[in-house]
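Right, one structure below, let's go through it.
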């Protein structure tokens, strides 16, 4: 699931997952103090989608101006 990610990406995903979990814990939506695996998986999927969207935007913006549609 994280083969394409760097160590920095994985660390950021973990921090994001833990922040989300802490917010849910503070709002009393979760009783367990430690995040579950599903929370980490959701954050990985979210990060991969974000990276895919950024790559699409980068590829579109790296084309010469005369070949861009619009």
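Readers should treat all values here as calculations from the given coordinates under stated rules, not as data from a laboratory. Because the structure is a prediction, the values reported are computed rather than measured. Don't worry about glycine lacking a Cβ; one is built from the backbone with ideal geometry, like all the others, and counts go over all protein chains shown.
Summary of packing: across the peptides 31-38, 13-20, 44-51, the per-residue average of other C-beta atoms within 10 Å ranks them, highest first, as 13-20, 44-51, 31-38.
Spin-label pair residue 19-residue 32: with each label point 7 Å from Cα along the Cα-Cβ axis, the two points sit 2.3 nm from one another. Taking every alpha-carbon pair within the range 13-55, the share separated by more than 13 Å comes to 53 percent.
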